[in-house]
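Working notes, beginning with the structure itself.
Read-outs throughout are calculated quantities, based only on the coordinates presented, and are distinct from any laboratory measurement. Predicted model only: the values in this text are computed from it and were never measured. Note: ideal-geometry Cβ built from the backbone for every residue, glycine included; neighbour counts use all protein chains shown.
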């Protein structure tokens, strides 16, 4: 009997334990279901949010290209096109020897390379073959340089179309012709193709229609593209080179890039600007950027570039790939100049003005240099700007490098002793130099007057 009671108690205990375990399991299942529902809800919300941010490419419109990576990638594609269609490209010719006269290796090879760069749509619409390809590409028989002026884009999910307006010039910077093109890029295959447009049919890049059709570009040996590494130095160099090509190739276009206030003060009108280019063309052709400085101002990004002759150029970028130009730093005082000037000693201010004077001389801007001479000094020595210009041309150098040797303060005047050289290389065999005394008088604001003597 006692054993039976023990058995019953043990069974009841077991049942109670089982019930407790079942209750605990049921609670855990309910909790997990609640967690699963919550996670599912959160996932649905995240998916809904993702769907809100997803681009509907059927509604994307044509807009200006603002990505520097896209911009320079397209320019590289276009330059590849022009290099490839150059019938006299050295890659199409062999070396002259006993068995080869150095002529074109095989014209079919050249034509195939050109053919590989054209878009399928363009070739189909015009029935382009290797036999007639020359009729549907630009007639290029020399190395040319392409400069983009405007670029617009239509983005697709995996492929993009770009309308481009620009111009080409030869390696001597002589203008050849305006160019309108459509460039297609396949981001999956990293391939590109070109649709050639007749520039006679377009007055503006706005006239070019880009289609929203999806497309892919089959890779071949010639149509791959690389995205360049674009940094501050890359952009500064490109702005300098683009400005240089515009100045020499399309001066009327480069004139529109000048800051309006600077343009009116420095040149006054386009005829004076064109004359400046004509007189300095050979010098401008040789210029290249050696240093740059970046200033991030609230309203714009400013690239200050220095060439090998220590001339300054300022490019103010207000929007990506859109900039305005200052060809010197003496015509209009920059914010950086004013900040330094206003916080400097009298001696430093006077020295900064001497630098302005010689910068204008090196730019052959005799009008500005003459304007800062003291009236009494002009009357006694150079009654006319022409006489002053002749004095500078006959006694100084094509480009003048200044080195300060001494300074003396005389009442309200700063007297500098300087040497002026034709080179900043002390080891140059034909180095010439002259000693000058320059006297500067500060006036209101940043104005000043000066006089000088050349020994």
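Overview of results
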{"item": "Hydrodynamic radius (Kirkwood) for segment 274-403, which is based on Cα pairs only, to one decimal in Å", "result": "16.6"}
{"item": "Additional length obtainable on full extension of the chain from residue 320 to residue 61, 0.36 nm per residue less Cα span", "result": "91.4 nm"}
{"item": "Value in Å of the Kirkwood radius, where segment 63-207 supplies the Cα pairs that are averaged", "result": "16.3"}
{"item": "Prolate/oblate/rounded label for segment 346-454 (Cα gyration tensor, a/c 1.5)", "result": "oblate"}
{"item": "Residue list for segment 180-200, given a label point 7 angstrom along the Cα-to-Cβ vector of residue 227 and an amide N cut-off under 19 Å", "result": "183-193"}
{"item": "Alpha carbon convex hull of segment 303-363, projected area averaged over orientations, nm²", "result": "4.7"}
{"item": "For segment 63-207, share of DSSP beta bridges that run antiparallel, in % to the nearest 5", "result": "95"}
{"item": "Exposure proxy ranking, count of Cβ atoms within 10 Å, fewest first, for 438, 230", "result": "230, 438"}
{"item": "316, 281, 152 arranged by Cβ crowding within 10 Å, fewest neighbours leading", "result": "281, 152, 316"}
{"item": "Zone residues, segment 110-145, relative to residue 211, backbone N less than 17 Å from point 7 Å out along Cα-to-Cβ", "result": "118-128"}
{"item": "Residue 253-residue 120 pseudo-label distance in nm [points 7 Å out on the Cα-to-Cβ vector]", "result": "3.3"}
{"item": "Cα gyration tensor category, rounded, prolate or oblate, for segment 232-327 with a/c compared to 1.5", "result": "oblate"}
{"item": "For peptides 218-226, 340-348, sequence by mean Cβ density within 10 Å, most packed first", "result": "218-226, 340-348"}
{"item": "Calculated diffusion of segment 123-179, Stokes-Einstein form, Kirkwood radius summed over Cα pairs, 10 °C and 1.306 mPa s, µm²/s", "result": "115"}
{"item": "Residues 356, 285, 155, sorted so that the one with the fewest Cβ neighbours within 10 Å comes first", "result": "285, 155, 356"}
{"item": "Gain on full stretching of the segment that runs from residue 174 to residue 335 - 0.36 nm per residue minus C-alpha separation", "result": "54.4 nm"}
{"item": "Inter-label distance for residue 348 and residue 112, nm, one decimal - labels placed 7 Å from Cα along Cα-to-Cβ", "result": "6.7"}
{"item": "Separation between Cα centres of segment 407-442 and segment 168-189, rounded to whole Å", "result": "47"}
{"item": "Residue 355 paired with residue 297, simple spin-label distance in nm, labels 7 Å along Cα-to-beta-carbon", "result": "1.7"}
